[in-house]
Ligand SMILES: C[S@@+](CC[C@H](N)C(=O)[O-])C[C@H]1O[C@@H](n2cnc3c(N)ncnc32)[C@H](O)[C@@H]1O
């Protein structure tokens with residue numbers, strides 16, 4: 001981890017319980033049964049929500065009983081969606097224990113606990129013995145993790161031969177070096193933000209073949225701008241449910257992200273890669 005950075009510095013991660021209040025407001029009180037098709041509208045902590053997870057399911061052709069690892073699962077939203085749609089066996093690995101336990105309880109309420117295993121751990125430390133996954137997926141999590149070269153090789157070693165990966169991640173933008181990097185790293189809990197070619201070359205150096213790659217900068221700038229506008233429009237409703245401190249914290253985070261995309265301090269990548277040699 002970079003000096004003095006803490007995952008809770010990123011204001012998006014302030015309240016793991018907020019989703020429980022959100023569900024209650026939608027009429028699903030604590031302990032009630034849930035449908036992942038409904039929950040997926042509010043449990044995805046990345047851009048374009050379940051639509052992006054469906055892209056991963058299609059791109060990797062994830063099938064029933066396939067083994068899938070999600071690195072940095074948050075509330076486990078993508079993991080539940082993959083399991084619910086495909087009946088694959090998904091391991092949802094998450095660093096923050098509060099997000100992990102709230103996610104686990106939602107999975108149970110969705111009746112998906114025989115498909116999704118929640119695991120609280122730091123990916124850098126996590127032991128998998130000799131297990132190999134058919135697929136590894138990750139949304140907006142890898143840039144949080146230090147030691148990129150080490151964790152990229154670790155992902156490679158965890159994927160079975162002919163296995164595939166789908167990643168969406170933040171990367172450095174064209175004007176990254178003009179930004180206040182101490183502030184950017186703290187706001188985003190950015191521990192391994194690299195430029196696009198370093199990102200791809202790192203995967204190739206670990207042994208992956210890149211199948212497809214897309215720069216997401218303009219798409220995610222548009223998405224995050226609209227997200228901020230919708231959030232501001234719904235201020236009253238949000239504040240009644242979560243309080244004004246939570247409103248200010250989320251407004252701060254959503255505005256910062258828009259600013260970082262607007263100034264090209266950050267950019268984004270979506271990619272699919274394959275392991276075709278041992
Ligand atoms: C932006 S959230 C995305 C969550 C989920 N992928 C989704 O899209 O809904 C990124 C997550 O990565 C987790 N994370 C950060 N560093 C990690 C690490 N070293 N090991 C496991 N998870 C990590 C964070 O705690 C956070 O919940």
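The values are calculated or read from the model by the stated rules, or taken from the named source; none is laboratory data. All of these numbers come straight from a predicted model, not from anything done at the bench. Cβ placement follows ideal geometry from the backbone for every residue including glycine, while neighbour counts extend to all protein chains displayed.
Below is a table of values for the structure above.
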quantity	calculated
Close pairs (6 angstrom Cβ cut-off, 6 or more residues apart or separate chains): touching a residue at least 12 places away in the same chain (Cβ under 8 Å) and over 14 Å from residue 124 (Cα atoms) in the stretch 138-167, more than 14 Å from the ligand (Cβ to nearest atom) and part of a helix (DSSP H, G or I) anywhere	164/60; 166/59; 166/60
Residue list for the stretch 75-100, restricted to those being assigned to a helix (DSSP H, G or I), free of Cβ contacts under 8 Å to residues at least 60 places away in the same chain and surrounded by fewer than 20 Cβ atoms within 10 Å (Cβ to Cβ)	85, 86, 97
Sole residue being surrounded by fewer than 17 Cβ atoms within 10 Å (Cβ to Cβ) and either free of Cβ contacts under 8 Å to residues at least 24 places away in the same chain or closer than 22 Å to residue 143 by Cβ (or both), chosen from 230, 269	230
Answer from 105, 52 - the residue that is in a helix (DSSP H, G or I), modelled with pLDDT of 95 or more and within 14 Å of the ligand (Cβ to nearest atom)	52
Residue among 19, 71, 62 that is over 26 Å from residue 146 (Cα atoms), crowded, with 18+ Cβ neighbours inside 10 Å and within 13 Å of the ligand (Cβ to nearest atom)	19
Matching residues, the stretch 117-132, being away from the ligand (no atom under 13 Å from the Cβ) and either under 13 Å from residue 103 (Cβ atoms) or in contact with a strand residue (DSSP E or B) (Cβ under 6 Å, 6 or more places away or on another chain) (or both)	117, 132
